[in-house]
Amino acid sequence: MATTKSLYGVHPSVTMVQNWRATLKEKTGRSLDEWIALIRKSAPKGEKERRDWLREKHGFGTFSAITLLDHVETGTADFASAESYLAAADRYVGAMFAGPKAALRPLYDALLEIGLAAGPGVKACPCRTIVPLYRKHVFAQIKPSTRTRIDMGFALGALPAEGRLIDTGGHAKKDRITHCIPISSLADIDREVRKWMKTAYDLDK
């Protein structure tokens, strides 16, 4: 049976999780399965309490604690392999544009198409609430902010806002996404959106 090629690329965090799993026993004295068993037996209830327990009692950093608890909750973390991530990516997008935000899906599909066509090497890597677009780094981001609006974000550094482009304050906060254009209809996805998508792509060299 032929497999359908995913629209999405593998999130950079997948490699981080794979490296983390491979070195966990060496660094902590316990394998992944041993940590899962210990957490289920001895850790307090509640995600925050378990995260604090791993950090304070066992010396885990925030990334490691969150990743470990993800394995405890799901059995296999979404970011544990390329295959598990790509399956999760479709679920993330489906959930993001379900229910009250279902009407935004055509807008998302149109923005994704423009983003993927911005130039060679673009990949979209969905998370639970946003869909970042990568070249070398995140150069744009599709975020369903309300039931009626997607905020199309761009990494434009210190460029001044003009036209419909809104300065998000991201540059001052050292965030990747520095500007956005609100999208509420297909008519909003115009030459201006395409221009800033290409500009953001070109800046990420």
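Derivation of every value follows stated rules applied to the coordinates shown; laboratory data play no part. Computed from a predicted model, the values in this text were never measured in an experiment. Counting neighbours? That spans all protein chains shown, and the Cβs are built from the backbone with ideal geometry, glycine included.
Among S81, S64, S42, which one shows the highest mean-square fluctuation when the chain is modelled as a Gaussian network with alpha-carbon springs under 10 Å?
Of S81, S64, S42, the Gaussian network model singles out S42 as fluctuating most.
For labels at D175 and A102 in the simple 7 Å Cα→Cβ model, what's the distance in nm?
3.0 nm
Report, as a whole number in µm² per second, the diffusion coefficient that Stokes-Einstein gives for region 13-82 at 25 °C and 0.890 mPa s using the Kirkwood radius over alpha carbon pairs. Don't jump to the answer; show the numbers that get you there.
Numbers: Rh = 12.1 Å.
Answer, rounded: 203 µm²/s.
Per residue, how much space in cubic angstrom lies within the convex hull of the C-alpha atoms of region 99-203?
Working: hull volume 9.8 nm³, N = 105.
Convex hull volume per residue, Cα atoms: 93 Å³.
For H179, H137, H71, which order do you get if you count the other beta carbons within 10 Å of each Cβ and list the fewest first?
With the sparsest Cβ surroundings first, the list reads H137, H71, H179.
Residues in region 176-196, backbone N under 17 Å from the label point at H137 (7 Å along the Cα-to-beta-carbon vector): list them, ranges by number please.
176-180
Take the chain, connect every pair of alpha-carbon atoms lying under 10 Å apart with a spring to form a Gaussian network, then pick out the residue of P12, P100, P132 with the largest mean-square fluctuation.
It is P100.
Taking neighbour Cβ counts within 10 Å as the exposure measure, how do K27, K101 sort from fewest upward? Don't skip to the answer; put the middle values down first.
Values: K27 11, K101 18.
Least to most surrounded, the residues fall as K27, K101.
How large is the helix-only mean residue ellipticity at 222 nm for the chain, computed as the sum of -39500 (n - 2.57) over DSSP H runs with n ≥ 4, divided by its residue count, in deg cm²/dmol to the nearest 500?
-14500 deg cm²/dmol
Return the tail of the calculated pair distribution for the chain, meaning the percent of Cα-Cα pairs more than 31 Å apart.
Tail fraction, whole percent: 31.
Given 0.36 nm per residue, what is the gain on full extension from T129 to K57 after removing their alpha carbon distance, in nm? Write down the numbers at each step before the final one.
Details: separation 72, 0.36 × 72 = 25.92 nm, distance 3.12 nm.
Result: 22.8 nm gained on full extension.
Going by how many other Cβ atoms sit within 10 Å of their own, how do L32, L7 line up, fewest first?
On the way: L32 19, L7 16.
The most exposed by this proxy come first: L7, L32.
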